[in-house]
Structure formats: C-alpha cells, structure tokens
Amino acid sequence: MFLTLVLDGGGIMNTSSGAPKPAQPGPRVAIMERLGPQDLMLLWPDDLGWPETIGALAILDGTRLLDPDGRFRVEAVREVIESRLPLVPRFRQLLYTPRRGLGWPLWVDARSFDLTEHVRVLPLAAPPGEAQLLRTVEQLRALPLDRSRPLWEMWFLPGLADDRVAMFMKVHHTIADGAAGVALLGTFLDPSADAPTMPARSWTPAPEPSSRDLFEDNLRRRVQAAEGALSKLLRPAVTLHQAQERWPAVREGFIKERAPRTSFNIPIGRHRRMAVIHGSLDVTKQIAHNHNAKLNDVLMSAVAGGLRELLRGREERIEDLVLRAFVPISLHREKPGQAHGNQDGMMFVPLPIGEADPVRRLQLIAAASAERKKYVVRPPEGLVARNRVLQRAMVRRFAHQRWANVYIANIPGPPIPLYLGGAQLLEVFPLVPISANITLGIAALSYAGQLNITVVADANALPDIEVFAEGVRNSLQALRSFRARTDAR
C-alpha cells in the first residue's frame, strides 16, 4: 500500500489504493454549470487586453522523459495526461456565452477534443540560461487561449542542461484560483516515480443544453434572485446587520486610504517580463519564527525591500513612503489539495517602503497584517454580483484604481516531491496575471521544502525588474543574516 494523489471534486485527496480511480465510461449527464459572480469578474479583463491566465513553470528531471536519441517522449506524456482527464472535466469543456436573454456564460462539453492541441512540445535549440527560459515562457504565456477549445495548455520545453525539461502549464483564471490551480496540477502528478499507470477511458461529451433549457434555467435563477432580494427587504434588520458587518472591510479597503501614485502604476500593456527567486521554506519559516511573524509577513517584507531598491534606483522619493499591497485571501473550505473554482477574498496591507531597517520593516508589516486580517473584503453580492453591465463598468474603472500598488500571493503547495510520468519535479514557480494599473505581481509557492517566488511585471512599467528582484533577495538575506549575527553574540 502506498500514498497517491487523487483529484476529487476539483482537488487532491489522499487514498491508500494504488492509482486514481477514473470516472466510469459512458455518456456524461449534462449539468448546467454557470460561471459564478467571482468567475465572471475574471472574464471581462480579457476584453480589455488584460488576459487572466494563471500558470506554473516546473523544472523536471527529464531522464525518463527522453528517448535514447534525446528526443522528448511526448506520446508517453500525453498518455499520462489523458488518463487523468476524467478527473478534471473542465479540461474538456468550453466556455460558452449564450445569446442575450439566456443567462450567464456556462461550461459545456466540447463536441470534439484533441489532446495534441493542449499538450505540446517546443524543443530548445541550446541549453538556455534562466533569463532566456523565462523569455520563452513569456512568449508562450502571451499566446491567447482559443475560446473555441478548452482553456488550458501544457507546454514541454526539452533542451535544458543536465537532461532537464521545463514544463509550462497555463489555465484561464475562470477555471481556478491559486489554491485550485495547485490542485489541478496535482491531478497529473504522483508521489513516487513508479506509481502505476492508469489506462485512458472512453469519453462521450454530454449534450449541449438547448435554448429552452438555458431560458428556463436563467428564468429560475432570476426568480430565485428576486425572491432573495424580497426576503432581504422583508427582513430589514437582518439586512442592515449584514451590511454593517461588511462595511468596515469595505471602508478599510477602498475608502479610508488610497494607494500613493508611483512611476510603475500605469495602465498595463501587452508585454510582460519575469524574474524568479529561489528560496528555502525552512529558512523563511525560521525568519518568521525569529521575529514573531508569519511566513506571509516575511514575503511582504521582502517585497517591500525590493520596492525600496526599485524606487531608489529610479531616484524617487521614498522617505515616509507607504505603498499598499493587494493580498488575496483564500476562502476555500475544502480539505488541503481539494480546492476548486475561485473563492478568494482580498486584504490590503501597508508596506513601509521608507523604513530602511529590514527587521523593523518586518515588524511593522507583521503588526499591520494581523490588524488587516479583521478586514478581509469578500466577493461582492447583490446587484453588483448579478449584473454584467455593472461588472464590466467596474472592471473598466480598474485602470485608474487607487486601492493598491502591487499584488502579492502566497500559495501553499505539496510538501513532498512529486512526479510526472516518472520524472521528478525539481522546482515549481507560480505565475499570476496582472491587470489594470497594478503592473507588478508577485507569487510564492511552497513545494518539497522550497519557497520559490515569481515576479511578473509589465515590460513598459518595469524594464528594471531585476533591480526589484535583487532587492527581494537582499531583503531575505538581510533578515537571515540578522539572526546569524544575533546567534554569534
């Protein structure tokens, strides 16, 4: 008996049986799966040139993925991917937008599905350096996902040094958030190199709902929404209490404070630049422990240090400067690894860029973060959540928002090494989208003792991205060295 990872309802679960159990063959039953309000808010940015694509870059030991001539064994990998697809129905579904009057967009099974359009290979001509690899990944990220196909791709890039292979997986944000994205990736992975393979099963798409089905479903949802609104009107005391409960978070997040203007908070363009920072989970946890802080506080403090170096390099005033970080807060209630869909709240944390002492900066951020956790802004409800016109109008206004300067996400990942088709994942780096005038997105992912950070930036706003990344590295090293100096005394 050994441990394996199985997707159950959109996430990873533990089981002591050998391999994941696929869905039984046969035609699927059509289920009306509309986008929720939060999913819908992630759809409109695409129309404004802000593609909502999340992803992960993994480095694999390619020894078992290359044939004796050094060619990538793509068919063998596709067999592994295909065998797990029954566990991820969304990967064989299209995002369908009905005509006016038939309701919100929904997921429908693709009439036909060709795995070769989603699992692809791009051989690298010569072993690239890290910067060149990231440029190649950015070129792949920039390719728009085709709405006529399921909204995901998995690219393999053989040709790294020492027979390593890069894998880049990209998924539209409407399918998953960070936690759910980790669960999706885990669907195709095993806890050992010799995990038994699972034969692919036949798949028959469920019938597409008719116009009548869509009309009746939309009518039913509208009636339910009207009944909900009427219920609130008939219970004014309860409704007022709920509004009062939400108001402090809205006030703290959007009204009480404004993000300062900076040289890098400009409307984003089409092109991105990336940088990665290799880190140790144990070291970062030790830093947090030494300063009575949380791991997320250490991440935000390092980002603040990077921003300080960035603005100093631009000879901008940083004295007493406090920027604001938009920090997503997972609202998932599933077991670890079983997250699916989008369930995020948001928190806004002040970053004291003007504070030169990295330890004092961490202490300030830890205190502020603990206080701001009382004011997590939950996804909108009511009229805004149900009205597409209002949603689109809000998204358009985001290009001029003054709520945040930077986006920072910390995503927990698997604590043990994982394998794809027998090949070990050596490193994993998360990729987040950026939009509006938040031109800098930072995401950290823990995996098998690592805590790797990816920086995604608008190419026009941050051509000096490496100055920022080096500032993050220096801040982490300074916090680590402070403990070493204390121990020496």
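The values are calculated or read from the model by the stated rules, or taken from the named source; none is laboratory data. Values in this document were obtained by computation on a predicted structure and should not be read as measured data. Reconstructed Cβ throughout: ideal geometry from the backbone, glycine too, with neighbour counts over all protein chains shown.
Among residues belonging to the range 435-450 that are within 14 Å of Pro51 (Cα to Cα) and of a type in the set (Gly, Ala, Ser), point out the one that is surrounded by the fewest Cβ atoms within 10 Å (Cβ to Cβ). I'd like the intermediate steps shown before the answer.
Looking only at the range 435-450, we keep the residues that are within 14 Å of Pro51 (Cα to Cα), and these are 435-439, 441.
This time we only want the ones that are of a type in the set (Gly, Ala, Ser), so: 435-436, 441.
Numbers: Ser435: 25, Ala436: 21, Gly441: 23.
Result: Ala436.
With respect to the numbered conditions (1) modelled with pLDDT of 90 or more; (2) more than 23 Å from Gly36 (Cβ to Cβ); (3) among the hydrophobic types (A, V, I, L, M, F, W, C), which one is the sole condition not fulfilled by Met198?
All conditions are met except number (1).
Out of the range 414-440, which residues are more than 15 Å from the chain's Cα centre (by Cα) and either part of a strand (DSSP E or B) or in the same structural domain as Leu42 (by TED's automatic domain parsing) (or both)?
Tyr419, Leu420, Ala423, Gln424, Leu425, Leu426, Glu427, Ile438 - these are the residues of the range 414-440 that are more than 15 Å from the chain's Cα centre (by Cα) and either part of a strand (DSSP E or B) or in the same structural domain as Leu42 (by TED's automatic domain parsing) (or both).
Out of the range 178-195, which residues are among the small types (Gly, Ala, Ser) and within 30 Å of Gln38 (Cβ to Cβ)? Step through it out loud before you land on a result.
Applying the first criterion (among the small types (Gly, Ala, Ser)) to the range 178-195 yields 178-181, 183, 186, 192-193, 195.
Hits for the range 178-195 are Gly178, Ala179, Ala180, Gly181, Ala183, Gly186.
Do any helices (runs of 4 or more DSSP H) lying entirely in the range 285-398 carry at least 1 residues that are more than 30 Å from Pro415 (Cα to Cα) and at pLDDT 95 or above, and which ones are they? Don't jump to the end; show me each part of the working.
On the way: elements: 295-313, 358-372, 382-386, 388-397.
It comes to 295-313, 358-372.
Just checking, how many residues over the range 101-119 are under 23 Å from the mean Cα position of the chain (by Cα) and either surrounded by fewer than 16 Cβ atoms within 10 Å (Cβ to Cβ) or not assigned by TED's automatic domain parsing to the domain that holds Met32 (or both)?
The total comes to 1.
Which ones in the range 59-113 are in a strand (DSSP E or B) and in contact with a Pro (Cβ under 9 Å, 6 or more places away or on another chain)? If you could, list the steps in order and put the result at the bottom.
Let us first name the residues in the range 59-113 that are in a strand (DSSP E or B), namely 59-61, 66, 72, 93-96, 106-109.
Result: Leu66, Phe72, Gln93, Leu94, Leu95, Tyr96, Leu106, Trp107, Val108, Asp109.
Checking Leu40 against (1) at pLDDT 90 or above; (2) part of a helix (DSSP H, G or I); (3) hydrophobic (A, V, I, L, M, F, W, C), which single condition isn't satisfied?
Evaluating Leu40 over (1) at pLDDT 90 or above; (2) part of a helix (DSSP H, G or I); (3) hydrophobic (A, V, I, L, M, F, W, C) leaves (1) as the failure.
Among Glu33, Glu75, which is the only one that is in contact (Cβ under 8 Å) with a residue 12 or more places away in the chain, surrounded by fewer than 20 Cβ atoms within 10 Å (Cβ to Cβ) and not basic (Lys, Arg)? Explain how you work it out, then say what you get.
Values: Glu75 fails: in contact (Cβ under 8 Å) with a residue 12 or more places away in the chain.
None of the other options fit; the residue is Glu33.
Whether any residue in the range 207-222 is in contact with a helix residue (DSSP H, G or I) (Cβ under 9 Å, 6 or more places away or on another chain), modelled with pLDDT of 80 or more and in a loop (DSSP other than H, G, I, E, B) is what I want to check.
Within the range 207-222, one or more residues are in contact with a helix residue (DSSP H, G or I) (Cβ under 9 Å, 6 or more places away or on another chain), modelled with pLDDT of 80 or more and in a loop (DSSP other than H, G, I, E, B).
What tally of residues in the range 162-179 results from selecting those that are under 10 Å from Gly62 (Cα atoms) and modelled with pLDDT under 95? Reasoning before the result, please.
Going through the range 162-179, the residues under 10 Å from Gly62 (Cα atoms) turn out to be 162-166.
From what's left, modelled with pLDDT under 95: 162-163.
Qualifying residue count for the region: 2.
Out of everything in the range 136-153 that is part of a helix (DSSP H, G or I) and in contact (Cβ under 8 Å) with a residue 40 or more places away in the chain, what residue ends up being surrounded by the fewest Cβ atoms within 10 Å (Cβ to Cβ)? Walk me through how you get there before you give the answer.
Initially, the range 136-153 is screened for residues part of a helix (DSSP H, G or I), giving 136-142.
When the remaining residues are screened for being in contact (Cβ under 8 Å) with a residue 40 or more places away in the chain, the result is 137-138, 141-142.
Values: Val137: 24, Glu138: 17, Arg141: 21, Ala142: 12.
Among those residues, the one meeting the criterion is Ala142.
Filter the range 399-413 for residues that are of a type in the set (Phe, Trp, Tyr) and either outside any loop (DSSP other than H, G, I, E, B) or crowded, with 20+ Cβ neighbours inside 10 Å (or both) and give the result. Please lay out each step first, then the result.
As a first pass, look at the range 399-413 and keep what is of a type in the set (Phe, Trp, Tyr): 403, 407.
Scanning the range 399-413 gives a single hit, Tyr407.
Which is closer than 20 Å to Val276 by Cα, in contact with a helix residue (DSSP H, G or I) (Cβ under 9 Å, 6 or more places away or on another chain), surrounded by 16 or more Cβ atoms within 10 Å (Cβ to Cβ) and not aliphatic (A, V, I, L, M), of Pro128, Pro98?
Numbers: Pro98 fails: closer than 20 Å to Val276 by Cα.
Matching residue, one of Pro128, Pro98: Pro128.
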